[in-house]
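The values are calculated or read from the model by the stated rules, or taken from the named source; none is laboratory data. The structure displayed is predicted, hence computed values, not measured ones. Because the Cβ atoms are built from the backbone with ideal geometry, glycine has one as well, and the counts that use them run over all protein chains shown. Ligands, DNA and RNA are excluded from the accessible area calculation, which covers all protein heavy atoms including side chains. Shrake-Rupley method; radii C 1.70, N 1.55, O 1.52, S 1.80 Å.
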Amino acid sequence: MKISKGNPAIFGCNKINNSYVFTFHSKEDTVVLCLFDAIKKRPKHKIKLDETYKTGEVFSCSVDENLTGYYYCYEENGVYVVDPYAKSVTGCENFGIHNGKELHLSPVMLEDYDWEDDKLPKLKLSDSIFYKLSVRGFTKSKTSKVKAKGTFAGVIEKIPYFKELGVTTLELMPSYEYDETGHFSQFKDNSILSGYGGGNGHIYGKKYASNVELEQDAKVNFWGYTKGFFMAPKASFTSISSKSGDYTKEFKDMVKQLHRNNMELVMEMFFDNEPVTYIIDCIRYWKLNYHVDGFHLYCSEDALMAVARDPLIADTKIITVFWNGERGNCKHMVNYNSDFRNCARKFLKGDENMLEEFLRLSRNNPENSGCINYIANNNGFTLNDLVSYDRKHNEQNGENNRDGENFNYSWNCGEEGPTRKRKVTSLRLKQIKNAMAMVILSAGTPLIYSGDEFANSQNGNNNPYCQDNELSWVNWRTTKDAEKILNWTKELIQFRKKYNIMHTDTQLIMSDRLSCGYPDLSYHGSNAWYVGMETYNRTVGVMYADFYGDEKTENLIYVAYNMHWETHDLALPKIGDKKHKKTGWSIIMCSGDKNENAVINVEKRTVTVAPRSVAVLVGNPVLK
């Protein structure tokens, strides 16, 4: 075996010409490259790397040998560690036990993959509808009716469902290799327990220090917001056995099939104090080798700035908790804040003094960055639970209900938890519809959390980070009410896509900049063209002039929000003239049931909206 010094600037294991280059960062004086074949439980080759192969703190060697079918890891001070740049991580019984746990290795090289004619959709944020899911939780339940439950292949099976629903972009909760059960013993620094979940600074209900292994009673890590091998897809999310083939192929199949259906994939990645260069390398790797369309990043401010400035990913959606648009015109940088969520929840349940803030956030569409709106997510109540519980019920997590968010801005509609009272269930149905309308009909990019579109419940648990079971798995059984919510969601998405004014690239400025007699956006109350912002006001008519989004149309859109517990009349702007006698307003959608449908009064030019309801109207004016 011919060994020579490699290229320390290229990390991981890479085949260059006819040689394999291994590059590894370590503060030790020496490390050992361990090469395994698929049969032996011990390394077939051990290559000691000393100062000869070291540049700074980086060891690199080139191996001129056919290593097809080999696996590798490194040894530091007698302890095996997996390469942080590993492209996949394989646990195989043939490799034996290390430190009392199954030994994990990485293949020297992955199999070639034929991407065929794959092309990234490159959808604009304004045209996108996000849908967030856990790969395992989305199809693990037997109710999902897919063959490959809880896997990337299971997601592929659900593509027709996504298309029918109307979503364009899937956001996957962590789907890189992370430790679920404490079986890994080979993280480079053993700090496998960083991340969020649990409460009071505790992770998985326990508080751990570095180099302390999981205790026997530690909970499963279902969400995956921990340290991981950030370049390797999660093996347990595949239907291909990691012992019998290259399981990364299934992830690539998923991306390719999504792209064929003009859908995108966004990866959620939780970096905990990883170096900026490593974060950049990870993002570039997923983009170039897995054709991923975007990333939802948890990382340091320095890393975020570096990502924003990287020209290689300038056309890649980068989502973060906060991006200050003053840093530059980076429309691919996307805000994912809880501001809209909290305000919409308060407005939904009828809190005082929320109207003005809701209107501000619902029209927010920055010129120099993106904006995502949601009302429910994984770290909180599902949408169904938001209208079914006044308080969290996290006892099953084993932390005495101390974990999870205490301020949920929820309302149970008169009864805590499941009920057969039709008055309560009808109100909950309407509130879910109202919430969906707020998200989908606001500017920015809407996001739906998986299962919310058919009233999936987690029994009031707002932090099921450790629940890899039916509680967290999406329940695909539908009731009549759930079907109504699903149909309502589909109609809202179709409506948003149909009218360009509902998904513009730019901020609506409430100005008649076309001199046509109608501003792009206007607000109406009991009188047309004026709405009071008093603290007690919970009703508003929001009118959009669609010809600002499409010059070929003459449509006006009027969304009537009544979050009060009383019926209200909202004024409709006068439209039509002699030439268009029949031109007027039509009610397209209403969140109330048949007995609470909105009603137009032609003489008074008002629309009567039932308590806690949303109505959508369309009209055709004659432009001046």
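Name the pairs whose Cβ atoms lie under 8 Å apart, with the first residue in region 269-287 and closer than 17 Å to Val58 by Cβ, the second aliphatic (A, V, I, L, M) and open to solvent by 20 Å² or more (accessible area, probe 1.4 Å), and 6 or more positions between them or separate chains?
Note: pairs meeting the criteria are Val276/Ala306; Ile280/Ala306.
Could you list, ordered by first residue, the pairs with Cβ atoms under 6 Å in which the first is in region 33-51 and under 22 Å from Gly6 (Cα atoms) and modelled with pLDDT under 90 and the second is assigned to a strand (DSSP E or B) and basic (Lys, Arg), at least 6 apart or interchain?
Once the first residue is under 22 Å from Gly6 (Cα atoms) and modelled with pLDDT under 90 and sits in region 33-51, no partner that is assigned to a strand (DSSP E or B) and basic (Lys, Arg) comes close enough.
Out of curiosity, is Asp550 open to solvent by 30 Å² or more (accessible area, probe 1.4 Å) and without any contact (Cβ under 8 Å) to a residue 12 or more places away in the chain?
Criteria not met by Asp550.
Under 6 Å by Cβ, and 6 or more places apart or on different chains, what pairs join a residue from region 117-138 that is under 24 Å from Lys234 (Cα atoms) and of a type outside the set (Gly, Ala, Ser) with one that is open to solvent by 10 Å² or more (accessible area, probe 1.4 Å) and in a helix (DSSP H, G or I)?
Correct list of pairs: Asp118/Lys256; Asp118/His259.
Looking only at region 17-39, count every residue that is among the hydrophobic types (A, V, I, L, M, F, W, C) and open to solvent by 20 Å² or more (accessible area, probe 1.4 Å) and tell me the total.
Final tally of qualifying residues: 3.
Among the numbered criteria (1) open to solvent by 50 Å² or more (accessible area, probe 1.4 Å); (2) under 20 Å from Val559 (Cβ atoms); (3) touching a residue at least 60 places away in the same chain (Cβ under 8 Å); (4) touching a helix residue (DSSP H, G or I) at 6+ places or on another chain (Cβ under 9 Å), which single criterion is violated by Arg360?
Result: Arg360 fails condition (3) only.
Select from region 365-412 the residues that are within 30 Å of Asp505 (Cβ to Cβ), modelled with pLDDT of 95 or more and over 19 Å from the mean Cα position of the chain (by Cα) and list them in ascending order.
Scanning region 365-412 gives no hits.
Just a yes or no: is a residue in region 239-259 more than 21 Å from Ala148 (Cα to Cα) and of a type in the set (S, T, N, Q)?
Looking through region 239-259, none of the residues is more than 21 Å from Ala148 (Cα to Cα) and of a type in the set (S, T, N, Q).
Considering only residues that are in contact with a strand residue (DSSP E or B) (Cβ under 9 Å, 6 or more places away or on another chain) and among the hydrophobic types (A, V, I, L, M, F, W, C), look in region 353-374 and name the one that is farthest from Val334 (Cα to Cα).
Among residues in region 353-374 that are in contact with a strand residue (DSSP E or B) (Cβ under 9 Å, 6 or more places away or on another chain) and among the hydrophobic types (A, V, I, L, M, F, W, C), the one farthest from Val334 (Cα to Cα) is Leu355.
Please verify whether Lys132 is modelled with pLDDT of 90 or more and touching a His at 6+ places or on another chain (Cβ under 7 Å), treating the condition exactly as stated.
In short, no.
Scan region 200-222 and give yes if some residue there is modelled with pLDDT of 95 or more and open to solvent by 50 Å² or more (accessible area, probe 1.4 Å), otherwise no.
Looking for residues that are modelled with pLDDT of 95 or more and open to solvent by 50 Å² or more (accessible area, probe 1.4 Å), one finds none in region 200-222, hence no.
Looking only at region 397-428, how many residues end up being assigned to a helix (DSSP H, G or I) and either open to solvent by less than 20 Å² (accessible area, probe 1.4 Å) or of a type in the set (Lys, Arg) (or both)?
The total comes to 5.
Conditions first: (1) in a strand (DSSP E or B); (2) open to solvent by 30 Å² or more (accessible area, probe 1.4 Å); (3) of a type outside the set (A, V, I, L, M). Thr506 passes all but one, so which condition is the exception?
(1)
Residues of region 379-396 being closer than 15 Å to Gln458 by Cβ, open to solvent by 70 Å² or more (accessible area, probe 1.4 Å) and in a loop (DSSP other than H, G, I, E, B), which ones?
Arg391
Only residues that are farther than 8 Å from Met269 by Cβ, crowded, with 17+ Cβ neighbours inside 10 Å and not aliphatic (A, V, I, L, M): list them for region 286-298, please.
Across region 286-298, the qualifying residues are Trp286, Lys287, Tyr290, His291, Asp293, Gly294.
If you go through region 476-491 one residue at a time, do you hit one that is closer than 30 Å to Glu399 by Cβ and either in a helix (DSSP H, G or I) or open to solvent by 10 Å² or more (accessible area, probe 1.4 Å) (or both)?
Yes, some residue in region 476-491 is closer than 30 Å to Glu399 by Cβ and either in a helix (DSSP H, G or I) or open to solvent by 10 Å² or more (accessible area, probe 1.4 Å) (or both).
List pairs: first residue in region 442-468 and free of Cβ contacts under 8 Å to residues at least 40 places away in the same chain, second residue open to solvent by 10 Å² or more (accessible area, probe 1.4 Å) and not in a strand (DSSP E or B) anywhere in the structure, Cβ distance under 6 angstrom, at least six positions apart or on different chains.
Close Cβ pairs satisfying both conditions: Phe454/Thr478; Phe454/Leu486.
With respect to Phe347, determine if the residue is at pLDDT 95 or above and within 22 Å of the chain's Cα centre (by Cα).
no
Filter region 447-475 down to residues that are aromatic (Phe, Trp, Tyr) and open to solvent by less than 10 Å² (accessible area, probe 1.4 Å) and give me whichever is nearest to the chain's Cα centre (by Cα).
Per the criteria, the residue is Tyr465.
Of the residues that make up region 525-541, is at least one among the basic types (Lys, Arg), open to solvent by 30 Å² or more (accessible area, probe 1.4 Å) and either closer than 25 Å to Gly592 by Cβ or at pLDDT below 95 (or both)?
no
Identify, please: which residue in region 241-272 is crowded, with 17+ Cβ neighbours inside 10 Å, touching a helix residue (DSSP H, G or I) at 6+ places or on another chain (Cβ under 6 Å) and among the polar types (S, T, N, Q) and is, among those, modelled with the lowest pLDDT?
Step by step, filter region 241-272, then rank; the result is Ser242.
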